[in-house]
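K.L.:
Quick one: this structure, given as structure tokens, is what I'll be asking you about.
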Amino acid sequence: MGVSHPIFARLFARASVALDEAGVAAHRRRLVAGLRGRVVEVGAGNGRNLPHYPPAVTGVLAVEPEPRLRALARAAAPAARVPVTVAAGLAEALPVADGAADAVVFSLVLCSVPDQAVALAEARRVLRPGGELRFYEHVVAQTPGLRRVQRVADATLWPLFCAGCHTARDTVAAIGAAGFTVTGLDRFRFPEAGLPAPASPHVLGTAIRA
């Protein structure tokens, strides 16, 4: 069970290192700070979040459908301070029992899943009642001009070259519609310098499964 984007996977793996050096690593640390217990990371990519999980996490199941990125995540796993298992799987069909996770983490992945509602319903299924959803995503812009740019990008070449990524998704609204209560939300632009790009509006937040 998986998807294959070999060219994108190679480019993403290289770009993620540069992006971490430009400030994304700090957002990754914030994303997982304070987590405890059993964590499922959906779309773990090449494993750039794994070294940041705190020792109170008893185990991470890192689910990644793309085989090249999954192999890189397995290579990154020994650097984590917590036990990590890397597995094949899709956001829409997680290899996890109902209510088995204390937290589910999405990191720059809800932009590219085929159906956000299905992926979020699956995250809710595997979370225990009161469990946490942690998310770090680029999202729809709050200004009309940039939203128009995003719609054009999404309707043309952006998803083709970026493995199905869409820039104009209202991910925060989708999280609420999926039965989560958002308890913390930080909106910011990345990168901060320069003109806003289609994927520059970001959010980092926490939500609770009711």
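K.L.:
Accessible area per residue for the chain in Å², computed with a 1.4 Å probe and the full protein assembly in place, what is it?
P.N.:
Per residue, the chain has 45 Å² of solvent-accessible surface.
K.L.:
Can I ask one more? Ignoring any ligand, DNA or RNA, what whole percent of the accessible area of the chain comes from carbon and sulfur when the probe is 1.4 angstrom?
P.N.:
Roughly 62 percent of what the probe reaches on the chain is carbon or sulfur.
K.L.:
Within the set of other residues whose C-beta is less than 13 Å from the C-beta of HIS27, count the net charge using Lys and Arg as +1 and Asp and Glu as -1.
P.N.:
Local charge sum for HIS27: +2.
K.L.:
Considering Cα pairs under 8 angstrom that are at least six residues apart, work out the relative contact order of the chain and quote it in whole percent.
P.N.:
Numbers: 443 pairs, mean separation 38.7, N = 210.
18 percent.
K.L.:
So what J values fall out for the range 35-46 if you push phi through Karplus, 6.51 cos²θ - 1.76 cosθ + 1.60 with θ = phi - 60°, rounded to Hz, Gly and Pro as x?
P.N.:
Couplings: 5, 9, x, 8, 10, 10, 9, 9, x, 6, x, 8 Hz.
K.L.:
I would also like to ask the following. How far apart, in nm, are the 7 Å Cα→Cβ label points at LEU11 and THR58?
P.N.:
My value for the distance between the label points is 4.2 nm.
K.L.:
Let me ask something else. Over the range 143-210, what is the relative contact order in percent, taking alpha-carbon pairs closer than 8 angstrom and at least six residues apart? Working shown, then result.
P.N.:
On the way: 72 pairs, mean separation 21.6, N = 68.
That works out to 32 percent.
K.L.:
Could you sort 189-196, 151-158, 132-139 so that the peptide with the highest average Cβ count within 10 Å comes first and the rest follow in order?
P.N.:
Listed from highest to lowest mean packing, they are 132-139, 151-158, 189-196.
K.L.:
Could you give me the radius of gyration and the Dmax of the range 6-129, taking only the C-alpha atoms into account and expressing both in angstrom?
P.N.:
In order Rg, Dmax, the Cα atoms of the range 6-129 give 13.5, 39 Å.
K.L.:
Moving on to the next point. Given H placed 1.01 Å from N in the peptide plane, which residues other than close sequence neighbours of GLU41 have an amide H under 5 Å from its amide H?
P.N.:
LEU61, ALA62, VAL63, VAL105
K.L.:
OK, next. In a solvent-free Debye calculation with one equal scatterer on each Cα, what is log10 I(q)/I(0) for the range 96-182 at q = 0.19, 0.26 Å⁻¹, listed in the order of the q values?
P.N.:
Calculated log10 I(q)/I(0) at the listed q: -0.85, -1.28.
K.L.:
Sort largest first and round to whole Å: the equivalent ellipsoid semi-axes of the chain, each the square root of five times a Cα gyration tensor eigenvalue.
P.N.:
Value: 25, 20, 17 Å, ordered largest first.
K.L.:
Would you please give the residues with an amide H less than 5 Å from that of ARG169, counting only those at least 5 places away or on a separate chain, with H modeled from the backbone geometry?
P.N.:
VAL140
K.L.:
At 7 Å along the Cα-to-beta-carbon direction for both THR183 and ALA22, put a label point, then send me their distance in nm to one decimal.
P.N.:
3.3 nm
K.L.:
Under 8 Å for C-alpha pairs, at least 6 residues apart: give me the relative contact order for the range 23-104, rounded to a whole percent. Before the final figure, lay out each step's value.
P.N.:
Details: 167 pairs, mean separation 27.8, N = 82.
Computed over the range 23-104, the figure is 34 percent.
K.L.:
Same structure again: In deg cm²/dmol and to the nearest 500, what is the mean residue ellipticity at 222 nm of the chain if only DSSP H runs of at least 4 residues count, each as -39500 (n - 2.57), divided by the residue total?
P.N.:
Numbers: 7 runs with 66 residues, N = 210.
Helix-only estimate at 222 nm: -9000 deg cm²/dmol.
The values are calculated or read from the model by the stated rules, or taken from the named source; none is laboratory data. Predicted, not measured: the structure shown is a model, and the values here were computed from it. Here the Cβ is made from the backbone with ideal geometry for all residues, glycine too, and neighbour counts use every protein chain on show. Just so you know, the surface numbers come from the protein's heavy atoms only, side chains and all, with ligands and any DNA or RNA stripped out. Shrake-Rupley method; radii C 1.70, N 1.55, O 1.52, S 1.80 Å.
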